[in-house]
1. For the stretch 14-55, how many residues meet the condition of being in a strand (DSSP E or B) and surrounded by 11 or more Cβ atoms within 10 Å (Cβ to Cβ)?
2. Quickly run through the stretch 2-13 and pick out the residues that are of a type outside the set (V, I, T), surrounded by fewer than 11 Cβ atoms within 10 Å (Cβ to Cβ) and at negative phi.
3. Would you check which residues across the stretch 19-46 are free of Cβ contacts under 8 Å to residues at least 12 places away in the same chain and closer than 12 Å to G9 by Cα and list them?
Amino acid sequence: MLVLSRKKGESIVINGNIELVVVSVEGDQVRLGIKAPKDVDIFRKEVFLSIQQSNQEASESAMFPDDLIKIFRNPEKN
């Protein structure tokens, strides 16, 4: 992990097209502004992890072609 010190109004640039700006610092809370292309998804980590978990659960409960074949061959068993 790279650790940098920045003051209010200072920024860092990631990959040449994403700018992270320190908007304010109040106590132990830091407000960040993010300038990025519209096609770049930006999520708070807890939201990102929740999305990943939901996607994982959906993929585990999704029916696969073999399941569908069984259903259509023996519909009375389902």
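Just so you know, all these numbers are worked out from the coordinates, no wet-lab data involved. Keep in mind that what you see is a predicted model, and the values were worked out from it rather than measured. Every residue, glycine as well, gets a Cβ built from its backbone with ideal geometry; the counts of neighbours run over all protein chains shown.
1. Qualifying residue count, the stretch 14-55: 15.
2. Residues satisfying the conditions are L2, L4, S5, K7.
3. Within the stretch 19-46, V30, R31 meet the criteria.
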